[in-house]
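Just so it is clear, none of the values below were taken in a lab; they were calculated from the coordinates. The shown structure was predicted, so the numbers you read here are calculated from the model rather than taken from an experiment. All Cβ positions, glycine included, derive from the backbone under ideal geometry; neighbour counts span all protein chains shown.
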Amino acid sequence: AMRARKNDRLAMESELRRALEREEITILYQPIIRLEDRAIAGFEALARWDHPRMGRVSPGEFINIAEEIGLITDLGLFLRDRTARQLSLWQKMMRARNPIFASVNISSRQLLRHDLIHDIRTVLSRHAVARGTLKLEVTESLVMENPEHAAQMLQRIRELGAGLSLDDFGTGYSSLSYLQRFPFDTIKIDQSFVRTTQRGTRPVILKSIVSMAHDLGMDVVAEGAETDSDAIELYHLGCEFAQGFAFGEPMDAASAERLLLDEHLDDANQP
Ligand code: C2E
Ligand code: MG
Ligand code: MG
């Protein structure tokens with residue numbers, strides 16, 4: 001069984017190397033909603049690998065492999081470039097007062113590499129998007145691996161005009177003092193804090209995280225909002241934004257665009 005698993009892994013590695021050329025990697029967009037008026041504020045770009053034989057491989061599986069085999073730089077560049085291009089098209093199409101944003105996940109190995117700065121500069125010069133609306137999502141544990149270096153990289157990324165979201169907040173072992181020094185504009189609170197407990201209450205900590213984020217001048221996105229009552233309660237707790245199945249699962253670009261256009265038409269029809 002061990003040998004079979006090893007062979008699977010090797011096969012997966014060589015398949016992944018070819019996946020980019022074969023255009024098997026696609027991006028799904030999950031809406032992030034402004035709770036005040038339930039409008040679409042932006043999207044999170046989530047990678048999918050559709051292999052002709054293996055079927056759909058989750059990012060949890062293949063991002064790790066891409067990091068280990070040194071493919072993450074190319075893959076990351078591809079994902080950021082595609083997302084920025086899409087965002088630019090949508091912003092032109094909507095011409096809204098509040099331009100929508102798109103956030104892309106950055107994996108652990110990437111933040112520690114200097115070519116990330118170069119890549120982001122390239123992507124931002126290639127696609128016209130409103131300042132701060134292409135956001136990078138970075139996880140807490142990643143930032144805490146090397147806080148000094150991370151702080152410098154994040155500062156430079158911010159200066160280039162990208163936004164920064166702290167992803168899965170609450171799952172790592174963050175030092176609150178560092179949080180003050182990192183230039184994040186948004187905190188994404190992990191699903192585990194957003195879910196109700198077995199007793200039907202939401203973790204008390206949620207309220208404190210929201211007010212701390214606001215004191216630090218950051219917006220709050222609650223992850224994993226699955227029901228309408230989640231959304232209502234999150235709004236009353238002061239979260240600006242929510243993301244989750246209550247507002248839509250990750251969807252292809254065409255479906256995301258339809259959602260945007262429908263909303264736009266509704267607005268135009270309002271008296
Ligand atoms: P994440 O950034 O925290 O993304 C949120 C995950 O939660 C997504 O899973 C999304 O589909 C799922 N989700 C959203 N709403 C709900 C909900 O209401 N309930 C539940 N139970 N789940 C919900 P996904 O797409 O499988 O991505 C998993 C993780 O893989 C992401 O976590 C992110 O860390 C990573 N990932 C995804 N795409 C990329 C990528 O392009 N690059 C990198 N480096 N990592 C990625
Ligand atoms: Mg994320
Ligand atoms: Mg997350």
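Using a simple spin-label model with pseudo-atoms 7 Å out from Cα toward Cβ, ILE232 and SER108 lie 4.1 nm apart. In this structure, SER192 and ARG258 have a Cβ-Cβ separation that, at R0 = 25 Å, corresponds to a calculated FRET efficiency of about 0.20.
State, as an integer percentage, the relative contact order of the chain based on alpha-carbon contacts under 8 Å between residues 6 or more apart. Relative CO of the chain lands at 19 percent. Whole-Hz Karplus values for the stretch 113-127 come out as 9, 6, 5, 4, 4, 4, 4, 5, 4, 4, 4, 6, 7, 7, 10 Hz, taken residue by residue from phi with 6.51 cos²θ - 1.76 cosθ + 1.60 and θ = phi - 60°; glycine and proline positions read x.
Extension gain for MET54 to SER175 (0.36 nm times residue separation, less C-alpha to C-alpha distance): 39.5 nm.
For the stretch 11-56 versus the stretch 165-205, the spacing of their alpha-carbon centroids is 24 Å.
Using C-alpha pairs under 8 Å with a sequence gap of at least 6, the mean separation divided by the residue count of the stretch 62-185 gives a relative contact order of 24 percent. Using a Gaussian network for the chain with springs between C-alpha atoms less than 10 Å apart, which of these wobbles most: LYS135, LYS92, LYS188? With Cα springs under 10 Å in the chain, the top fluctuation among LYS135, LYS92, LYS188 is at LYS92.
Taking other Cβ atoms within 10 Å as a rough exposure proxy, THR171, THR139 sort from fewest to most as THR171, THR139. Amide H contacts of GLU44: GLN30, ILE32, SER103, each under 5 Å away and 5 or more positions distant or on a separate chain (H built 1.01 Å from N in the peptide plane; Pro and chain starts excluded).
Over the residues of the chain, the helix contribution to mean residue ellipticity at 222 nm works out to -15000 deg cm²/dmol, using -39500 (n - 2.57) for each DSSP H run of at least 4. For the chain, modelled as a GNM with alpha-carbon contacts under 10 angstrom, which of ILE69, ILE209, ILE25 fluctuates the most? Its mean-square fluctuation being the largest, the pick is ILE69. Under 23 Å of direct C-alpha separation, and excluding same-chain neighbours fewer than eight residues apart, LYS188 reaches these lysines: LYS135, LYS207.
What share of all Cα pairs of the chain, in percent, falls into each consecutive 5 Å distance bin? Whole-percent P(r) values from 0 Å outward: 1, 5, 12, 16, 18, 17, 14, 9, 5, 2, 0, 0, 0, 0.
For the stretch 203-253, the list of chymotrypsin sites (Phe, Trp or Tyr not before Pro) that fall in a loop by DSSP and count at most 16 other C-beta atoms within 10 angstrom reads PHE245. In this structure, the amide hydrogen of LEU164, modeled 1.01 Å from its nitrogen in the peptide plane, lies closer than 5 angstrom to those of LEU136, ASP185, THR186, counting only residues at least 5 positions away or on a different chain.
The calculated FRET efficiency for the pair LEU160 and GLU13, based on their C-beta separation and a Förster distance of 45 Å, comes to about 0.90. Computed on the stretch 214-261, with alpha-carbon pairs under 8 angstrom and 6+ residues apart, the relative contact order is 38 percent. GNM on the chain, C-alpha springs below 10 Å: top fluctuator among MET54, MET251, MET212? Looking only at MET54, MET251, MET212, the largest GNM fluctuation is found for MET54. Translational diffusion of the stretch 116-271, estimated by Stokes-Einstein from the Kirkwood radius over alpha carbon pairs at 37 °C in a medium of 0.692 mPa s, is 190 µm² per second. Computed from the C-beta positions of MET212 and ALA246 and an R0 of 25 Å, the FRET efficiency is 0.55 to the nearest 0.05.
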